[in-house]
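> Take this structure, written in structure tokens, and hold onto it; I'll ask about it next.
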Amino acid sequence: MSATAMSDYFSVLFVGGTGAISGSCVAEAVSQGLAVSVLNRGRSSRLRPLPAGVEVLTGDITDPASVRAALRDRHFDAVVNFLCFDAEGAARNVELFTGVNSHYVHISSASVYHRPLPKGPVSESTYAHNPEHAYMRDKVEAEKVFLDAFARQGFPVTIVRPAHTYDEAIAPLAGGWAVVDRIERGEPVVVQGDGTSLWTFTHAADLAVGLVGLLGRRSAFGEAFHITSDDVLSWNQIYQAIGHALGVEPTILHLPTDLIMLAEPDWFWSGLLDGDLSHSEVYDTTKIRSYVPGFRPSRVFEREVYQILAWRREHPDLAVADPAEVAVQARLVAAYERARAAVVAG
């Protein structure tokens, strides 16, 4: 299609398209009758196959030449990029997609908000500054590049900040399937702090309604939205829900976050625990609901966990614990036992 050609359907290009969030957004866009294309490296996904009718363009978003070769002179009504993680990538995307799309959506993260979080539900006006982890710092810098491009040249960007989002193919815990396996076997699992901090889970299919509903809305240019549900549980309740669905009572060991970080300084989740998961996170979703009236999340983790476990049973070759995570979980339990023994010994 040439840059001047018109389509009878709203066209959207998803960069990625086979992750938990992006896969659900592709499915939602298809269900809404949009003309959907995805740009990725062309590797098939056994976890989340693309729906019929989705056009696949092969290119690597980190390689501008391959992207230009894939897109040629195409124009899209919207581009949604799930694979931009830092300022360098943001600058590259501004250059790549200027003139290629009428609306660009950058997928950031709700972890950019400053910690400690303010009292009460977090709104989008909360300061985006979280230096506790490289992922969060880089996401903040990426947002700045896009917003500067909007201010300077009118680049039509909207920023979306998902929080902890899952689907059936994810064990949404620090440690993933390794933790689920331990619970099922009746082995103890470590939970940060006393397990009473509050956490918001959002099912990817619910988030997709909000994100796809924003596409093409000019009033959303230059704006940021977190798209989350109101499904709030304590970490103790989260682990108990998994145990209940497995038919076992989980043995939860509480270990302070700073001790977890001392015990496992190189673990990916250590920094996220300190800068994200150890805080109570509840979000004010007024803004996204006002822009997308149809956004009404309905899925709750205590029921959806049964779908996760069903997917695990049906895909034993895919729902496999990472050996590195298995080792970390064993070391954390051992660290708890050593700490407990030291306290008991006085």
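The values are calculated or read from the model by the stated rules, or taken from the named source; none is laboratory data. All of these numbers come straight from a predicted model, not from anything done at the bench. Please note: Cβ atoms are built from the backbone with ideal geometry, for glycine as well, and neighbour counts cover all protein chains shown. Accessible surface is based on the protein model in full, side chains and every heavy atom, while ligands, DNA and RNA are left aside. Shrake-Rupley method; radii C 1.70, N 1.55, O 1.52, S 1.80 Å.
> Being under 25 Å from Ala334 (Cβ atoms), crowded, with 19+ Cβ neighbours inside 10 Å and either in contact with a Pro (Cβ under 7 Å, 6 or more places away or on another chain) or modelled with pLDDT of 95 or more (or both): is that true of Asp181 here?
On the way: under 25 Å from Ala334 (Cβ atoms): yes; crowded, with 19+ Cβ neighbours inside 10 Å: yes; either in contact with a Pro (Cβ under 7 Å, 6 or more places away or on another chain) or modelled with pLDDT of 95 or more (or both): yes.
It is true that Asp181 is under 25 Å from Ala334 (Cβ atoms), crowded, with 19+ Cβ neighbours inside 10 Å and either in contact with a Pro (Cβ under 7 Å, 6 or more places away or on another chain) or modelled with pLDDT of 95 or more (or both).
> Ok, one more. Which condition number does Arg313 fail, the rest of (1) within 23 Å of Asn236 (Cβ to Cβ); (2) open to solvent by 60 Å² or more (accessible area, probe 1.4 Å) being met?
The number of the failed condition is (1).
> Read through the list (1) assigned to a loop (DSSP other than H, G, I, E, B); (2) over 21 Å from the mean Cα position of the chain (by Cα), then give the number of the only condition that Cys84 fails.
(2)
> For residues in the range 204-226 being in contact with a Ser or Thr (Cβ under 7 Å, 6 or more places away or on another chain) and within 24 Å of Tyr306 (Cβ to Cβ), which is surrounded by the most Cβ atoms within 10 Å (Cβ to Cβ)?
Leu207
> Right, another one. Determine which single condition Ser298 fails, assuming it passes every other condition in (1) open to solvent by 50 Å² or more (accessible area, probe 1.4 Å); (2) among the polar types (S, T, N, Q); (3) in a helix (DSSP H, G or I).
(3)
> Ok, one more. Hey, Ala335 hits all of (1) at pLDDT below 95; (2) among the aliphatic types (A, V, I, L, M); (3) under 17 Å from Glu187 (Cα atoms); (4) surrounded by fewer than 15 Cβ atoms within 10 Å (Cβ to Cβ) but one; which does it fall short on?
So the condition that Ala335 fails would be (4).
> With the structure loaded, tell me whether Lys119 is without any contact (Cβ under 8 Å) to a residue 12 or more places away in the chain, more than 16 Å from Leu273 (Cα to Cα), open to solvent by 50 Å² or more (accessible area, probe 1.4 Å) and not small (Gly, Ala, Ser) or whether it fails that test.
Values: without any contact (Cβ under 8 Å) to a residue 12 or more places away in the chain: yes; more than 16 Å from Leu273 (Cα to Cα): yes; open to solvent by 50 Å² or more (accessible area, probe 1.4 Å): yes; not small (Gly, Ala, Ser): yes.
Criteria met by Lys119.
> Please determine, by comparing only the residues of the range 163-182 that are out of contact with any strand residue (DSSP E or B) (no Cβ under 6 Å at 6 or more places or on another chain) and not in a loop (DSSP other than H, G, I, E, B), which one is farthest from Trp269 (Cα to Cα). Before you say what the answer is, go through the steps one by one.
Looking only at the range 163-182, we keep the residues that are out of contact with any strand residue (DSSP E or B) (no Cβ under 6 Å at 6 or more places or on another chain), and these are 166-171, 173-178, 180-181.
Filter again for not in a loop (DSSP other than H, G, I, E, B), leaving 166, 177-178, 180-181.
Numbers: Tyr166: 16, Trp177: 14, Ala178: 13, Val180: 16, Asp181: 18 Å.
Here the residue is Asp181.
> Sticking with this one: Of everything in the range 66-96, what is without any contact (Cβ under 8 Å) to a residue 24 or more places away in the chain and not charged (D, E, K, R)? Give them in sequence order.
Quick first cut of the range 66-96, residues without any contact (Cβ under 8 Å) to a residue 24 or more places away in the chain only: 66, 69, 72, 88.
Selection gives Ser66, Ala69.
> Can you name the condition, by its number, that His254 falls short on among (1) more than 27 Å from His226 (Cβ to Cβ); (2) in a loop (DSSP other than H, G, I, E, B)?
(2)
> Quick check, is Asp266 at pLDDT below 95, under 22 Å from Leu332 (Cβ atoms), of a type in the set (D, E, K, R) and part of a helix (DSSP H, G or I)? Even if it seems obvious, please write down each step before you answer.
On the way: at pLDDT below 95: yes; under 22 Å from Leu332 (Cβ atoms): yes; of a type in the set (D, E, K, R): yes; part of a helix (DSSP H, G or I): no.
No.
> Taking the condition of being under 28 Å from Glu168 (Cβ atoms) and open to solvent by less than 50 Å² (accessible area, probe 1.4 Å), how many residues in the range 61-99 meet it? It would help to see each step written out before you state the result.
The initial filter retains those residues of the range 61-99 that are under 28 Å from Glu168 (Cβ atoms), namely 61, 78-85.
Adding the requirement that they be open to solvent by less than 50 Å² (accessible area, probe 1.4 Å) leaves 61, 78-82, 84.
Total meeting the criteria: 7.
> With the requirement that a residue be open to solvent by 50 Å² or more (accessible area, probe 1.4 Å) and touching a helix residue (DSSP H, G or I) at 6+ places or on another chain (Cβ under 6 Å), what does the range 230-273 give you?
Selection gives Glu249, Met261.
> Still on this structure, I have one more. Answer yes or no as to whether Ser280 is under 30 Å from Ala128 (Cβ atoms), among the hydroxyl-bearing types (Ser, Thr, Tyr) and without any contact (Cβ under 8 Å) to a residue 60 or more places away in the chain. Reasoning before the result, please.
Details: under 30 Å from Ala128 (Cβ atoms): yes; among the hydroxyl-bearing types (Ser, Thr, Tyr): yes; without any contact (Cβ under 8 Å) to a residue 60 or more places away in the chain: no.
Considered against the rule, which asks whether it is under 30 Å from Ala128 (Cβ atoms), among the hydroxyl-bearing types (Ser, Thr, Tyr) and without any contact (Cβ under 8 Å) to a residue 60 or more places away in the chain, Ser280 comes out as no.
> Just give me the residues in the range 96-110 being of a type in the set (Phe, Trp, Tyr) and not in a strand (DSSP E or B), in sequence order.
Phe97, the sole residue that qualifies.
> Going by the conditions given, is Leu147 buried (at least 19 other Cβ atoms within 10 Å of the Cβ), modelled with pLDDT of 95 or more and among the aliphatic types (A, V, I, L, M)?
Numbers: buried (at least 19 other Cβ atoms within 10 Å of the Cβ): yes; modelled with pLDDT of 95 or more: yes; among the aliphatic types (A, V, I, L, M): yes.
So Leu147 passes the test.
> Given the criterion among the aliphatic types (A, V, I, L, M) and in a loop (DSSP other than H, G, I, E, B), identify the matching residue among Ala29, Ala52. Lay out the reasoning, then the answer.
Numbers: Ala29 fails: in a loop (DSSP other than H, G, I, E, B).
Of the residues listed, the single one that is among the aliphatic types (A, V, I, L, M) and in a loop (DSSP other than H, G, I, E, B) is Ala52.
> Report whether or not Ala142 is hydrophobic (A, V, I, L, M, F, W, C), in contact with a Ser or Thr (Cβ under 9 Å, 6 or more places away or on another chain) and assigned to a helix (DSSP H, G or I). Before you say what the answer is, go through the steps one by one.
On the way: hydrophobic (A, V, I, L, M, F, W, C): yes; in contact with a Ser or Thr (Cβ under 9 Å, 6 or more places away or on another chain): yes; assigned to a helix (DSSP H, G or I): yes.
Yes, satisfied.
> Still on this structure: Just to check your reading of the model, which residue among Glu187, Glu281 is of a type in the set (Asp, Glu), buried (at least 19 other Cβ atoms within 10 Å of the Cβ), out of contact with any helix residue (DSSP H, G or I) (no Cβ under 7 Å at 6 or more places or on another chain) and outside any helix (DSSP H, G or I)? Step through it out loud before you land on a result.
Working: Glu187 fails: buried (at least 19 other Cβ atoms within 10 Å of the Cβ).
The conditions single out Glu281.
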